[in-house]
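Reviewing the structure listed below.
The values are calculated or read from the model by the stated rules, or taken from the named source; none is laboratory data. Everything quoted here is computed from the prediction, not taken from an experiment. Because the Cβ atoms are built from the backbone with ideal geometry, glycine has one as well, and the counts that use them run over all protein chains shown. Note: areas computed on protein heavy atoms with side chains; ligands, DNA, RNA excluded. Shrake-Rupley method; radii C 1.70, N 1.55, O 1.52, S 1.80 Å.
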Amino acid sequence: MARIPYADLSSPAALPLVQRIVAERGSVLHLYQMLMHSPPLAEGWLGFMTQVRQKLELGGDLRELVIMRIAHLNGAPYEAQQHEPIALREGLTAAQLAALPAWGEAAHLFTPLQCDVLRLCDAMTRDVHVDAPLVQAVRERLGERGLVELVATIASYNMVSRFLEALQIHADDPRP
């Protein structure tokens with residue numbers, strides 16, 4: 001259960017953004033209903049995360065791989081529930097997703113690039129600081145733009161999971 005009530009989506013301050021979210025995404029997820037306590041924050045979040053999810057050149061499989069790993073590392077079930085179907089659509093396998101909590105023991109399920117990406121994700125999420133040779137290895141595989149987009153995606157979804165867990169947002173929470 002969320003630590004504070006979800007925002008009233010019918011408030012005059014929220015209504016224009018609520019209509020935009022419904023038009024773009026079909027419904028207002030729990031995450032966005034919580035963000036609607038601050039419409040400017042919700043609008044900025046929506047714009048930024050839409051860019052991260054839909055406009056980058058980074059492959060959807062790598063994007064969803066790190067999102068799912070972050071969800072496991074940060075204990076963010078809402079994030080995992082929302083992204084599992086997307087990860088499967090983007091080409092990850094059910095076996096890969098099942099192996100993510102201890103992916104190092106099942107590294108054979110992942111390509112060398114995916115293993116480097118997971119190592120980078122783990123370092124950024126657990127330690128913040130990343131060793132230069134790992135950054136260089138990913139740069140050699142993805143190029144500078146790909147590296148920047150990957151790092152930004154990992155950073156962004158760490159933000160998402162931290163917001164979700166601080167406020168205990170869950171997909172089965174009742175909402176007004």
Apart from one, (1) touching a residue at least 60 places away in the same chain (Cβ under 8 Å); (2) open to solvent by less than 70 Å² (accessible area, probe 1.4 Å); (3) of a type outside the set (Val, Ile, Thr); (4) more than 29 Å from residue 104 (Cβ to Cβ) all hold for residue 47; the odd one out is (1)
Residue count, the range 102-129, condition part of a loop (DSSP other than H, G, I, E, B) and under 15 Å from residue 153 (Cα atoms), comes to 1
Flagged in the range 113-146 as open to solvent by 10 Å² or more (accessible area, probe 1.4 Å), among the hydrophobic types (A, V, I, L, M, F, W, C) and touching a Leu at 6+ places or on another chain (Cβ under 9 Å), in numbering order, are 113, 123, 130, 134, 135, 137, 142
Check your understanding: Do we find a residue being under 17 Å from residue 81 (Cβ atoms) and not charged (D, E, K, R) anywhere in the range 7-24?
Key -> no
Against the definition (open to solvent by less than 30 Å² (accessible area, probe 1.4 Å), in a helix (DSSP H, G or I) and not hydrophobic (A, V, I, L, M, F, W, C)), how does residue 63 come out, yes or no? yes
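Which of the residues spanning the range 154-172 are in a loop (DSSP other than H, G, I, E, B), touching a helix residue (DSSP H, G or I) at 6+ places or on another chain (Cβ under 8 Å) and either modelled with pLDDT under 95 or open to solvent by less than 10 Å² (accessible area, probe 1.4 Å) (or both)? Break it down into steps so the answer makes sense when it comes.
Initially, the range 154-172 is screened for residues in a loop (DSSP other than H, G, I, E, B), giving 167-172.
Add one more test, that the residue is touching a helix residue (DSSP H, G or I) at 6+ places or on another chain (Cβ under 8 Å), and what stays is 167, 169-171.
Correct list: 169, 171.
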Residue pairs within 9 Å by beta carbon, gap of at least six or interchain, first lying in the range 102-113 and touching a residue at least 60 places away in the same chain (Cβ under 8 Å), second among the β-branched types (Val, Ile, Thr), listed first then second, are none
Checked 80, 95, 99 against criteria (surrounded by fewer than 17 Cβ atoms within 10 Å (Cβ to Cβ) and of a type in the set (A, V, I, L, M, F, W, C)); the one match is 95
